[in-house]
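Okay, so here's the structure we're looking at.
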Amino acid sequence: MCGLCGLLGEDLHWSDPLGDELPRRRERLRRIAAINQVLAVFRLKVEDFQGASYLLLGATGKQELASGLDPLWRAAERMLGRPLDPLDPKLLDHLEHDLPDRHCPVGARLAGDGVHGVSASLEGATAGKPAPAGEH
């Protein structure tokens, strides 16, 4: 792909936020962090390219530009030489157990929707208080 095509911009995707609550750049970096959590199990990494495309990096030095999430997934499959299954047990185990906060799903952790704050508040509110009778 020539450099110009990589800069023309990414197509809208169903996972794009509906509102403009976060600045576009911050939302894009958050999305890339989520993508990298998924692709890490395959030894792949994604970087932002000019705020318009994704640069997929393989463990062997291969690189490929992708204009959106669908082309990115296909590029990852080409780079690995096999189809990627989002329900692959190895991937699901990685997302469930190998990420820093195991008590919060990836989507909630990345969405910044306050799930951490709610659970932390509940834990803090009950810390040091005896359990009600019959709940020991």
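The values are calculated or read from the model by the stated rules, or taken from the named source; none is laboratory data. What you are looking at is a predicted structure, and each value in this text was computed from that prediction instead of being measured. We place every Cβ from the backbone using ideal geometry, glycine too, and count neighbours over all the protein chains shown.
Brief remarks follow.
Quick grid of which residues meet (1) closer than 17 Å to Leu99 by Cβ; (2) among the polar types (S, T, N, Q); (3) buried (at least 18 other Cβ atoms within 10 Å of the Cβ); (4) out of contact with any helix residue (DSSP H, G or I) (no Cβ under 7 Å at 6 or more places or on another chain):
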{"site": "Leu39", "(1), (2), (3), (4)": "yes, no, yes, no"}
{"site": "Val46", "(1), (2), (3), (4)": "yes, no, yes, no"}
{"site": "Gly51", "(1), (2), (3), (4)": "no, no, no, no"}
{"site": "Tyr54", "(1), (2), (3), (4)": "no, no, yes, no"}
{"site": "Arg74", "(1), (2), (3), (4)": "no, no, no, yes"}
{"site": "Glu77", "(1), (2), (3), (4)": "no, no, no, yes"}
{"site": "Gly81", "(1), (2), (3), (4)": "no, no, no, yes"}
{"site": "Asp85", "(1), (2), (3), (4)": "no, no, no, yes"}
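- All of (1) at pLDDT 90 or above; (2) among the small types (Gly, Ala, Ser); (3) within 24 Å of Pro23 (Cβ to Cβ) hold for Ala111 with one exception: (1).
- Any hit, region 56-68, residues being in a loop (DSSP other than H, G, I, E, B), among the basic types (Lys, Arg) and either crowded, with 16+ Cβ neighbours inside 10 Å or at pLDDT 95 or above (or both): yes
- A Cβ distance below 7 Å, combined with a sequence gap of six or more or placement on separate chains, defines the contacts here; from region 76-99, residues that are free of Cβ contacts under 8 Å to residues at least 12 places away in the same chain reach residues that are surrounded by fewer than 16 Cβ atoms within 10 Å (Cβ to Cβ) and among the acidic types (Asp, Glu) in the pairs Pro83/Glu77.
- Given (1) of a type in the set (Asp, Glu); (2) outside any helix (DSSP H, G or I); (3) modelled with pLDDT of 95 or more, index of the condition Asp85 fails: (3)
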